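The values are calculated or read from the model by the stated rules, or taken from the named source; none is laboratory data. Fair warning: this is a prediction, and the values are worked out from it, not measured in the lab. Positions of Cβ are backbone-derived with ideal geometry, glycine not excepted, and every protein chain shown enters the neighbour counts.
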Amino acid sequence: MTGGSYAGDVTSAEAFEMLQNDDQAVLVDVRTLPEWQFVGVPDLRGIGKEPVFLSWQVYPQMAQHPDFEQALRDQGVGAERKVLLLCRSGARSRSAAMALTAAGYGQAYNVSDGFEGPPDASGQRGKIEGWKAAGLPWAQQ
């Protein structure tokens, strides 16, 4: 786990293990509504949890959510919690982890390989790295 101004980077598999082993750990999926609807979402029901869905950038303009931290608090995720942030490939979630750390969240982690990971040689995501490629539970909405 390495990180600059946030708690660190973890892989999807490490994040899932943290979620399994820590009752207070929460997964926050910071992708957009179309991504949740059409690409799929992490399925944590098997470990008795539900992800929090809160876009870091608001579709379609993709402007940063103006009240991300407050919206997260409104969903019951306070600064004392271990927060694992997930996006498509680890870029938006890294920015969200940095912002939450600046706002006082001491355990904001970036899921660095994301839900779909980088594109493979054919330009397709979800095949070589990420939540899906790791064989972790997910579902279509």
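Pick out, from the range 1-100, the strands (runs of 3 or more DSSP E) lying fully within it that include 3 or more residues that are modelled with pLDDT of 95 or more and crowded, with 18+ Cβ neighbours inside 10 Å.
Passing ranges, in order: 26-29, 83-86.
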- request: Filter the range 80-104 down to residues that are without any contact (Cβ under 8 Å) to a residue 60 or more places away in the chain and under 16 Å from the mean Cα position of the chain (by Cα), then give me how many there are.
  value: 9
query: Of the residues that make up the range 105-114, is at least one assigned to a helix (DSSP H, G or I), in contact (Cβ under 8 Å) with a residue 24 or more places away in the chain and not basic (K, R)?
result: no
